[in-house]
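All remarks here apply to the structure that follows.
The values are calculated or read from the model by the stated rules, or taken from the named source; none is laboratory data. Remember, it's a predicted structure, so these values are computed and weren't measured experimentally. Please note: Cβ atoms are built from the backbone with ideal geometry, for glycine as well, and neighbour counts cover all protein chains shown. Each accessible area value is taken on the protein alone, full model and side chains, heavy atoms only, with ligands, DNA and RNA left out. Shrake-Rupley method; radii C 1.70, N 1.55, O 1.52, S 1.80 Å.
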Amino acid sequence: MTTAVLGGGLSGLSAGYYLLRRFGKPLTIYEASPRVGGWVRTENRKDRNFIFESGPRTIRPVGLPGANTLELVEELQLEVTPIRRSHVAARNRMLFAKGQLCMLPNSPKGLFGVLPPFTKPLYKAILRDLVTSSKKAKLEDESIYSFAERRFGKEIADYAISPMICGICAGDAREISVRFLMEGLFEKEQKYGGVLKGSLMARFKDKQVDSKKEGLFAQEQPKLYARALEEKWAMYGLQGGLEILPKAMRKYLGERDVSVQLSSECRNLTFSPSGVRMTLREADVPVEHVISSLPAHKLAPLVKQQHPSLSAQLLDIPYVDVLVVNMQFPGKLLKQQGFGLLVPPVEKLPILGVIFDSCCFEMGENTVLTVMMGGHWFDQWFGDRPSPKQILDLATSQVQRILQIREEPKFSRVHTLHKCIPQYTVGHKRRVEGIRNYIKTYKLPLSLCGAAYDGVGINDVILSARRQVEAMPSS
Ligand SMILES: Cc1cc2nc3c(=O)[nH]c(=O)nc-3n(C[C@H](O)[C@H](O)[C@H](O)COP(=O)(O)OP(=O)(O)OC[C@H]3O[C@@H](n4cnc5c(N)ncnc54)[C@H](O)[C@@H]3O)c2cc1C
């Protein structure tokens, strides 16, 4: 079977990796830009001992998706930089709210005191869940904000859930589906009438699945995953930065004669009973099957001519723009150590959060910070398209105010990431089912993976590629 993979980001490269592992060749990956990696991009300033990441920087070694990524990292023999649960970057997460920097509780003890910005001890939110009955009519979906407010109260929705959603997908919790992050809790609540009650009942009643039962790992779990469990990693990075991963995948595939064609944008897909004709800039290429890892809004125009309804469904998945500002200051300037801080949207500030890169990873005598801005609120704050200098000045003034840093950054980078994070708004799961059903009904030789469908994190997109390859017929 000749298969083409569209997109050379992490998901497309992973699709290539799993296709090679399952079927062997022939197989080609087509990437529009002159590089692999998609949103993963590292600037490694070895001369000055620091790293700027404009996209992802850490991966969580959690559950099946986490184990799956570690299997890949192990196969590629990459050097990981673990951040253990006892590390300050794993323990300390902050909010900037009500004019002050607030440390989030990091132990059960923290549930009993009154910690700003909260005005009540957090255990009261748990009690509220225990005594609040769920809505009579079963819900299929709702926003994560409404779920949190219903179960735990407005303060938790505003100061815990909303900033967390900003940190994960730069989105508005009032629009993002509860299934995006809390599908299990939501279903337990719907089934048993409460989150805590449901979690306890499910322990006894519901069937537990493990990775072996799901058939992901034929033999035993990956050694690196076992190490992550044993050493209690909270997250990890890669030595030299995360772009090492797509680069290593490209090398691995290249050494096994998988062609990764750069600067090869696919412009149209035409389906026929014998397969797919892909239109590239200089040629039409016939293949039997296409795996698209493209963002949904990039795949939509490619299928529009023949399948306008599919194209419209793909365009129903919204995306947000994010501004990423990397800054380096000489010397150790942070008074508080931790992973970073998030700004709850109720604060109405022009930033989503700040990551303390030089606390997460060793960067010598540097303070390296990344400021995230925009997302759902991009047009509100940046609709009139400020210059990179204006963006940098705004980010610097916020950092100086919040973290009480007087210095100006010595090195900086401003990245405008256009439509970089899909938003799993209420009804997302249904939308994705609709898209996949359409493909099935019309028997299109097309599989979809990548951040648009089955999760927005690195682990999710790698696993989604694997699942799509495994679902392909064997002949
Ligand atoms: C700012 C930011 C921070 C993040 N931080 C984290 C983090 O810390 N941890 C984490 O787990 N995840 C994080 N993520 C998410 C993670 O980066 C993504 O899940 C992942 O990179 C998505 O990979 P992908 O392959 O699905 O998509 P993409 O990276 O979008 O790759 C798609 C590729 O397709 C190519 N392409 C587009 N159109 C065509 C065409 N017509 N023909 C051929 N090729 C085409 C593009 O050039 C691109 O290379 C972050 C994302 C962003 C934006």
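Points to keep in mind about this one:
- Å² per residue, accessible surface of the chain at 1.4 Å: 47
- Burial ranking of peptide ranges 413-426, 100-113, 33-46 (average Cβ count within 10 Å, highest at the top): 413-426, 33-46, 100-113
- Taking every DSSP beta bridge that has both ends in segment 1-53, the antiparallel portion is near 45%.
- Helical content of the chain, expressed as a calculated mean residue ellipticity at 222 nm, amounts to -10500 deg cm²/dmol (DSSP H runs of 4 or more residues, -39,500 (n - 2.57) each, divided by residue number, nearest 500).
- Counting every C-alpha pair in segment 218-289, the share spaced more than 14 angstrom apart comes to 76%.
- Accessible surface of segment 110-205, 1.4 Å probe, proportion on carbon and sulfur as whole %: 61
- Most simply put, the chain has about 75% antiparallel DSSP beta bridges, counting only bridges with both residues inside it.
- For segment 70-118 versus segment 5-20, the gap between their alpha-carbon centres in whole angstrom: 31
- Taking amide H as placed 1.01 Å from N in the peptide plane, the amide H of Thr81 sits under 5 Å from that of Gly237, Leu238, Gln239, each at least 5 places away or on another chain.
- For segment 296-329 and segment 139-161, distance of Cα centres in Å: 27
- Under 14 Å, Cβ to Cβ, from Gly450 - net charge with Lys/Arg +1 and Asp/Glu -1: +2
- Using all pairs of distinct alpha-carbon atoms, the Kirkwood hydrodynamic radius of the chain works out to 23.7 angstrom.
- Each Lys and Arg Cβ is given +1 and each Asp and Glu Cβ -1; about its Cα centre, segment 110-205 then shows a dipole of about 560 debye.
- Between segment 233-268 and segment 363-391, the alpha-carbon center distance in angstrom: 27
- Highest mean packing first, where packing is the average number of other Cβ atoms within 10 Å per residue, the peptides 450-459, 151-160 line up as 450-459, 151-160.
- Too-long pairs where the Cα-Cα distance tops 25 Å, listed order kept, from Lys191/Lys419; Lys251/Lys443; Lys109/Lys154: Lys191/Lys419; Lys251/Lys443
- Using alpha-carbon coordinates, inclination of helix 388-403 to the longest axis of the chain, degrees: 40
- Net charge contributed by nearby residues that have their C-beta within less than 15 Å of Pro273 (K/R +1, D/E -1): +1
- Semi-axis lengths (Å, descending) of the ellipsoid that matches the C-alpha gyration tensor of segment 110-205: 21, 18, 11
- Peptide packing for 165-174, 218-227 was compared via the average number of neighbouring C-beta atoms within 10 Å per residue; ordered from the highest value, the list is 165-174, 218-227.
- Acute angle (nearest 10 degrees) that the helix 458-470 long axis makes with the longest principal axis of the chain, alpha-carbon atoms: 30
- Cα pair distances exceeding 18 angstrom across segment 341-475, given as percent: 68
- Base-10 log of normalised Debye intensity for segment 1-145 (one unit scatterer per alpha-carbon) at q = 0.15 Å⁻¹: -1.07
- Between 0 and 90°, nearest 10: helix 63-75 axis offset from the chain longest Cα axis: 60
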